[in-house]
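Step one of this worksheet: look at the structure below.
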Amino acid sequence: MFASETTQFESVRAAETRSGCRSGFRAFTLVELLVVVTLISIMLALSAFTFRSIRDSGQMAMAKNAILTYAGVARSYAIEHHIETTMAINPYNGRFEIWHLNPPAQGGAWDPFSGGISPPFTDGYAFAPVLDRAASLPVDSSGRPAVAVFPVDYDDPAYRPTANTEPNLDNLMWTMFCFDENGRMVTRTRRIATRSFNYRDGTPRAVGSRNRLPDETPDLSLLEMSPAQALVMQADTAVTSTRGFVICDWTKAVSVVGASPTPIELITGLLREMRPGRRFSQLGETILMDRYSAKELVGDKR
């Protein structure tokens, strides 16, 4: 009896060995391994995409909150110092800057209430280095802003001309908010130091034709030279303040219009198409601000 059972057991083991199966297990085929590897690759790709989406949305939210927060700081500065104050967003390094008008030598009002095209532009703006390096947009590994910010009234032909010149592109890239001495947002056309150290293609400007340092902060040493030179001159772009801004992921914007778009390409190829319901509405957001508090307007208040 035992000999018969042993013989049957050995026969089963031999059959399993011949079939390539031992103890109920079998090896994966090449096709099955490829399927598993493919599924893992898809899952990793989806995870990376999700991570990038979360990161990008997080950067957008950080940038939006920072802009609104420091616009409030500029407003408080204007009220506290009884001086019309502008907050500018530097498109080269992402820093927020505060500028105000130098008081006239003969005394009197801090600001002559210039309106831009008519009456003429007002020059003589002074940089007020009152913000630390935390006052900035998120930046990438190279120190460039990871988020792009544009003025909201880019379709206004009087203040946002679209001729293909550097000043007109500056007028679309430099976003400003201006607060009068009572903290109310007002429309002003002002000159700030827009002659960057490098052109947008990365080539340096000639010495004497720039008013910013390599980190794109204003070159205050110009004021200390003998004889002293003006920090802001007619060669700088006259930029118009606005009550809102368009914000988007810069990498995605570049993928649409390229790294060096003309003003017309920027307006027609990106900004207009970012409006709700248009082709690139998912790339960014348009923010309008309350003229009395500088806080975001939402819902029916818009």
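Just checking, how many residues over segment 276-302 are at pLDDT below 90, exposed (fewer than 13 other Cβ atoms within 10 Å of the Cβ) and more than 17 Å from ALA61 (Cβ to Cβ)?
Residues that pass the stated criteria total 6.
Which count do you get for residues in segment 179-189 that are under 9 Å from ALA78 (Cα atoms) and either under 19 Å from the mean Cα position of the chain (by Cα) or among the β-branched types (Val, Ile, Thr) (or both)?
Residues that pass the stated criteria total 0.
Spot the failing condition for ARG279; the list is (1) farther than 19 Å from GLY183 by Cβ; (2) under 19 Å from the mean Cα position of the chain (by Cα), and only one is missed.
Condition (2) is where ARG279 drops out.
Report yes if some residue within segment 236-252 is at pLDDT below 90, in a loop (DSSP other than H, G, I, E, B) and farther than 22 Å from PRO129 by Cα; otherwise report no.
No, segment 236-252 has no match at all.
Which of the residues belonging to segment 216-233 are surrounded by 12 or more Cβ atoms within 10 Å (Cβ to Cβ) and out of contact with any helix residue (DSSP H, G or I) (no Cβ under 9 Å at 6 or more places or on another chain)?
Result: GLU216, THR217, PRO218, ASP219, LEU220, LEU222, LEU223, VAL232, MET233.
Looking at (1) modelled with pLDDT under 75; (2) out of contact with any helix residue (DSSP H, G or I) (no Cβ under 9 Å at 6 or more places or on another chain), find the lone condition where THR38 falls short.
(1)
For the subset of segment 242-260 comprising residues that are over 23 Å from ALA71 (Cβ atoms) and in contact (Cβ under 8 Å) with a residue 12 or more places away in the chain, which member is surrounded by the fewest Cβ atoms within 10 Å (Cβ to Cβ)?
ALA259
With the requirement that a residue be at pLDDT 90 or above and more than 10 Å from the chain's Cα centre (by Cα), what does segment 131-152 give you?
LEU131, ALA135, PRO151, VAL152
Is it the case that segment 234-241 has a residue that's more than 22 Å from PHE96 (Cα to Cα), in contact (Cβ under 8 Å) with a residue 12 or more places away in the chain, touching a helix residue (DSSP H, G or I) at 6+ places or on another chain (Cβ under 6 Å) and not hydroxyl-bearing (Ser, Thr, Tyr)?
The answer is no; no qualifying residue exists.
Please give the number of the condition TYR199 fails out of (1) of a type in the set (Phe, Trp, Tyr); (2) more than 21 Å from PRO263 (Cα to Cα); (3) surrounded by fewer than 19 Cβ atoms within 10 Å (Cβ to Cβ).
TYR199 satisfies every listed condition except (2).
The values are calculated or read from the model by the stated rules, or taken from the named source; none is laboratory data. This is a predicted model, so every value here is computed, not measured. Here Cβ is always computed from backbone atoms with ideal geometry, including for glycine, and neighbour counts include all displayed protein chains.
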